1. Is it fair to say A:Glu23 is under 17 Å from A:Thr80 (Cβ atoms) and within 10 Å of chain B (Cβ to nearest Cβ)?
2. What number of residues within region B:137-151 satisfy the criterion of being surrounded by fewer than 18 Cβ atoms within 10 Å (Cβ to Cβ) and either touching a residue at least 24 places away in the same chain (Cβ under 8 Å) or away from chain A (no Cβ under 13 Å) (or both)?
3. Give region A:341-356 a look and list any residue that's crowded, with 22+ Cβ neighbours inside 10 Å and either hydrophobic (A, V, I, L, M, F, W, C) or over 17 Å from the mean Cα position of the chain (by Cα) (or both), or say none.
4. Mind listing whichever residues of region B:170-215 are of a type in the set (Val, Ile, Thr), buried (at least 21 other Cβ atoms within 10 Å of the Cβ) and more than 18 Å from the chain's Cα centre (by Cα)?
5. Name every residue in region A:243-266 that is surrounded by fewer than 19 Cβ atoms within 10 Å (Cβ to Cβ) and either in contact (Cβ under 8 Å) with a residue 12 or more places away in the chain or within 27 Å of A:Met418 (Cβ to Cβ) (or both), in order of residue number.
6. Among helices (runs of 4 or more DSSP H) lying entirely in region A:239-289, which contain 1 or more residues that are at positive phi and in contact with a Lys or Arg (Cβ under 6 Å, 6 or more places away or on another chain)?
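The values are calculated or read from the model by the stated rules, or taken from the named source; none is laboratory data. It should be emphasised that the depicted structure is a prediction, and the values quoted were computed from it without experimental measurement. Note that we place each Cβ from the backbone using ideal geometry, even for glycine, and neighbour counts take in every protein chain shown.
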Amino acid sequence: MSIEPTMNLFVKKTGGWVASQLEACTRCGMCAEACPYYLATGKAEYAPIWKVEPLRRAYEQRFTLIGKLKVALGVEKALTDADLKAWSKVDFEACSVCGKCSGACPMGIEISSLIATVRAGITAAGLAPAGLVEKTEMQMKCGSPNGMCEDEYIKWFDSLEEKTGVKAPLDVKGADMLVVYTSLEIKDKRHNLYDLAKILNAAGIKWTISMDARDAFNMGSIIGNPKVQKELAGKILNTAKKLGVKQILVTECGHGFTTLRDAVPNVFGEELPFFVTHIAELLPNLIKEGKIKVKEGYFKNGHTYTFHDSCKIQRQGGIMDEPRYALKLLAGDTFKEMDSIRENGLCCGGGGGIRSIPEANENRLAAFKLKLAEVEKVGADVVVSTCDNCQLQLKDGFKHYNKAVEVKGLIEMVAEAMI
Amino acid sequence: MNTQTMLELARGPIFYGALLFFIAGMLYRLVTVISLGWNKDLAKPRGDKATGVVKSFLRGGIIFPFFPREKAAYARNPIVYIAGGLFHLSLFIVVILGAAHMLVWKSLIGFGWPTLPLPIVDWMAAVGIIAMVALIVNRMVHPVMKLLTGVAEVLNWLFVFLPMITGYMMTHHMFLPYENLFVLHMMSINVLLVWIPLSRISHFMFYFFSRTIHGVEWGKRNAMP
């Protein structure tokens, strides 16, 4: 094992964007007070800026006089494999890359983006957690990190006709929209396919699906492997181009959505010839524009609803008003807001691939307790989320702590309330 | 060498040498960071980046001290927030709006500005000193800040604190003859000027980068920075 690939990646990634932010840090530690993993465990090494330490050291020692001086005087040691091994536990097992720390930083440093770079450096050294490596290999082999290979998708897509009488629109050239699901939905939310078909057909949208772009999941983004990220995203990009669609709709995947919308243009060095959207944005807009009709107050049924802001779709995706518009319409005054919402939303504890790392279970469930406290405070017995990974974590967490709280997705709610 | 000669050196050639080092050092830091290159963001923005930048600075520089974005986070470590804010306010009032310092600026850049009455400046200097003591105690006690603190962070604190305490002692004629305190004050400023380009105290320059980046990133998603 060698530190070289890590250093090369850090150097490649260190432009003015990274360097100026590293230079701006005053090491005030305020970011820790926003990090769910630090707050839940009290472990100082979980402070977000400490997770950036390998990158800071590599940058200073390579590019600054003071960094070189520190090494020469023995005040600071050069980065080693042992360091990366230690930071692998911190950056992968106690971070969902949720970005809440960036909002707390008085200097406005995009700490979570810097953490993502550190994670990429650790992966380059071959020190990423085994659980994530396994999922990455699985996705490269069969297209999905959860072992949902092509035959599973064929069965799922075929079942659309049985359930709805409508044939799955496979590879329709000139369609308006390419819909990209995730393998989490095949596994746990198969109805999303049928519900979304009902909505899109009612809205008169010419949509398509494709076996070549079947999973929005991108293990390259999660683990920090640029090659894998490019290869997986490239399948969707090329399919969308080949079919000539005007937009890509990502159903419930959070990181898959931001990867396609925000990362892919820069990874491929081109502006996308189509628009990338998410159901959290599309469905409320379809209601607003009158393209589909829902029964107002359909979910005013004695339950109290609250909305979980997902880190990728809401904080990092910016889609915060739209799902609230739909929920206020559907649940009326039984929809209540938690304390930490919108840009300041609290992570469920299950993002950034942490659910695939068994060693991180304790941290993950400890971080969830903070979310649980907010859900209980608002008195909600139904939590709505637009991210399938968050939904799984919420379900898992409520079950773990024996709480009778239901978790719902926006697709199923809109489909059910349609008239 | 008598005190008068030492003072003349400290406020004369040594000061101008340190100032030159400071300017050259900061320019070097600026150029090296900028020359590392900047990639163009090709992703279609969902919101306006420029609006995001304006909001970022409004929040970061004006509203932020009174209404922090992550209120709960700031409530958990209020010393950083309160003492840090008071220290920066004190620094601005004493170094910019204090009559003695304004005259130094005037001698350097050729023009001056109205200043605050001495008692206000004096009180704010005391507030700044107390805030600095609170900050270093907090840094030594808080588990996260302890972890983040190395020799450089302690030196940063020390080199900022020395001009503050010697300036205050000088104004109040405390403990040592005025001339001696003046020499100590000037020498501590000279050390600080040399130290800034070598340290994170230079964050005042990179603050403008990080808050701009923050504004662009949050603005393009149409989110509040």
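1. The answer is no for A:Glu23.
2. At the first step, the residues of region B:137-151 found to be surrounded by fewer than 18 Cβ atoms within 10 Å (Cβ to Cβ) are B:137, B:140-141, B:143, B:146, B:150-151.
Subset that is either touching a residue at least 24 places away in the same chain (Cβ under 8 Å) or away from chain A (no Cβ under 13 Å) (or both): B:137.
So the count comes out to 1.
3. Result: A:Leu346, A:Cys347, A:Cys348, A:Ile354.
4. B:Val183, B:Ile213
5. A:Gly244, A:Lys246, A:Gln247 - these are the residues of region A:243-266 that are surrounded by fewer than 19 Cβ atoms within 10 Å (Cβ to Cβ) and either in contact (Cβ under 8 Å) with a residue 12 or more places away in the chain or within 27 Å of A:Met418 (Cβ to Cβ) (or both).
6. Values: elements: A:254-258, A:264-268, A:279-288.
Per the criteria, no element qualifies.
To keep it simple, each residue is scored yes or no on (1) exposed (fewer than 15 other Cβ atoms within 10 Å of the Cβ); (2) within 11 Å of chain A (Cβ to nearest Cβ); (3) free of Cβ contacts under 8 Å to residues at least 40 places away in the same chain; (4) more than 23 Å from B:Met186 (Cα to Cα).
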site	(1), (2), (3), (4)
B:Gly12	yes, no, yes, no
B:Leu20	yes, no, yes, no
B:Val33	no, yes, no, yes
B:Leu36	no, yes, yes, yes
B:Ala43	no, yes, no, yes
B:Lys49	no, no, no, yes
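Per-residue answers, yes or no, for (1) of a type outside the set (Val, Ile, Thr); (2) outside any loop (DSSP other than H, G, I, E, B); (3) at pLDDT 90 or above:
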position	(1), (2), (3)
B:Pro163	yes, yes, yes
B:Met169	yes, yes, yes
B:Val183	no, yes, yes
B:Met187	yes, yes, yes
B:Ile201	no, yes, yes
B:Thr212	no, yes, yes
B:Gly215	yes, yes, yes
B:Ala223	yes, no, no
